[in-house]
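Right, one structure below, let's go through it.
Nothing in this text is a laboratory measurement; each read-out follows from the coordinates by a stated rule. A quick note: this is a predicted structure, and the numbers were derived from the prediction, not measured. Cβ: placed from backbone, ideal geometry, glycine included. Neighbour counts: every protein chain shown.
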Amino acid sequence: MKPNYTLHKDFRLPMGFPPEAFDSGLAYQAQAEDTFIVTYPKSGTTWTQHIIWMLHYDGQPLPVGKNINLEVPHLEEIGGEFVNSLPKPRFIKTHLTYNLTPYHPQAKYIYVARNPFDCAVSLYYHTKGFIKHYDFAEGTFDDFFECFITGEVDFGDYFDHLISWIHHKNDENVLFLTYESMKNNPKAAIVSMAKFLGSNYVRKIENMQILENILEHTSFKRMSLDQSRWSSERPSDMTPFIRKGEVGDWKSHFSVSQAQQLAQKFKTMTKNTEAATLWELPEL
Ligand code: A3P
């Protein structure tokens, strides 16, 4: 069994995503004041969106009743017209590869990478849970793995995304983080985002109350509450959007052969790039 997608040009879009919005998102003209949060799906996008939102709003958490995807909109889901209607500075989410992401030399790009093993598991539960988008409620992890390893999933192959951005890891207007480093030291991640956004933001987190508030309200525990702020409703028998938030959950989903296949693909695709050393590969 495979998830159902709407094929649009070379892209697999979730069913119900308007292709026109996708096209207008790609045509958006990046502005000097923009900050893009760029990820391959399931890499900690929502977590980063909330950190950035709280930094901007002086440590206030996103109130219940608001949706993060209207505050920090997903460019290729909502379309360029909506993003253009927002006041500046704009904070924009995207899952696009580097060459497709709207570029401005003064715009900022926060890239969050997550190891592909946990990404695959997280994307599996995501795909299973959004029934109306993928019709994959009965799909097994084995079914999904076959799609993931060949890149036949939303937003394409994990490695095409990572490799397109890793070459820009050290660009002045790119902050490159990993989900695992954010988990390991969330405070350091928040501080690095504030420094990257500029002195106004650094001044905000010099107020310890603001920094502590951001840490508290962007923790997995707090974000698990009031999940309607992050995503549309999922059936109660499916995993919630903010699901487990762990590093290494893949170990209870992958067979040895699946882990070997993904590790092999990782080695081949990341060879001679800085991506090769982002994570330690499992010993198999
Ligand atoms: P899991 O499915 O492994 O739990 P995205 O926002 O890119 O879709 O990523 C979703 C993944 O990030 C999910 O991973 C989710 O649980 C995790 N996540 C969301 N908020 C988090 C937080 N505050 N801390 C740690 N992980 C978080």
Practice problem: Name the residues whose placed amide hydrogens come within less than 5 Å of the amide hydrogen of A113, ignoring near sequence neighbours (fewer than 5 apart) on the same chain. | Solution: L177, T178, Y179
Quiz item: Length gain on complete extension for the stretch D237 to V64, per 0.36 nm per residue less the alpha carbon to alpha carbon distance?
Solution: 60.0 nm
Quiz item: By average Cβ neighbour count within 10 Å, what is the ranking of 87-93, 196-202 from highest down?
Solution: 87-93, 196-202
Quiz item: For the pair Q209 and K2, what calculated FRET efficiency results from E = 1/(1 + (r/R0)^6), where r is the Cβ-Cβ distance and R0 = 45 Å, to the nearest 0.05?
Solution: 0.35
Exercise. Using only Cα atoms, find the angle between the long axis of helix 256-270 and the longest principal axis of the chain, and express it within 0 to 90 degrees, rounded to the nearest 10.
Key: 50 degrees
Quiz item: D for region 1-117, whole µm²/s, Stokes-Einstein with Kirkwood Rh over alpha-carbon pairs at 25 °C and 0.890 mPa s: what number?
Solution: 164 µm²/s
Quiz item: Which whole-number percent is the relative contact order of region 5-277 (Cα, under 8 Å, 6+ apart)?
Solution: 25 percent
Exercise. Please give the FRET efficiency for H167 paired with A32, using the beta carbon to beta carbon distance and R0 = 22 Å, rounded to the nearest 0.05.
Key: 0.45
Quiz item: To the nearest 10 degrees, how steeply does helix 45-56 sit against the main Cα axis of the chain, on a 0 to 90 scale?
Solution: 0 degrees
Quiz item: When the Karplus curve 6.51 cos²θ - 1.76 cosθ + 1.60 is applied with θ = phi - 60°, which whole-Hz ³J(HN,Hα) does each residue of region 61-71 get, with x for Gly and Pro?
Solution: x, 4, x, 4, x, 9, 10, 4, 7, 9, 7
Practice problem: For the chain, list log₁₀ I(q)/I(0) at each q in 0.09, 0.12, 0.16 Å⁻¹, using the Debye formula over Cα point scatterers of equal strength and ignoring solvent, two decimals each. | Solution: -0.41, -0.75, -1.44
Quiz item: Once both labels are modelled 7 Å past Cα along the beta-carbon direction, what's the K195-Q227 spacing in nm?
Solution: 3.5 nm
Self-check item: region 89-168-region 210-284 distance, computed between alpha-carbon centres (Å)
Solution: 11 Å
Quiz item: Which far-off residues, 5 or more places away or on another chain, put their amide H under 5 Å from the one on K93, with H placed in the peptide plane?
Solution: I37, H74, L75
Quiz item: How much mean residue ellipticity at 222 nm does the chain get from its helices, if each DSSP H run of length 4 or more adds -39500 (n - 2.57) and you divide by all residues, to the nearest 500 deg cm²/dmol?
Solution: -12000 deg cm²/dmol
Quiz item: Given R₀ = 30 Å, FRET efficiency for D135-L86 by Cβ-Cβ distance, to 0.05?
Solution: 0.40
Quiz item: Using Cα atoms only, what is the angle between the long axis of helix 208-217 and the major principal axis of the chain, expressed in degrees (0 to 90) to the nearest 10?
Solution: 30 degrees
Exercise. Once you've got the Cα coordinates, tell me which of K93/K204; K195/K267; K9/K183; K2/K187; K88/K195; K42/K221 are over 28 Å apart.
Key: K195/K267; K9/K183; K2/K187
Quiz item: Karplus couplings for region 98-111 from phi (6.51 cos²θ - 1.76 cosθ + 1.60, θ = phi - 60°), rounded to Hz, Gly and Pro as x?
Solution: 4, 5, 9, 6, x, 10, 9, x, 9, 5, 10, 10, 9, 9
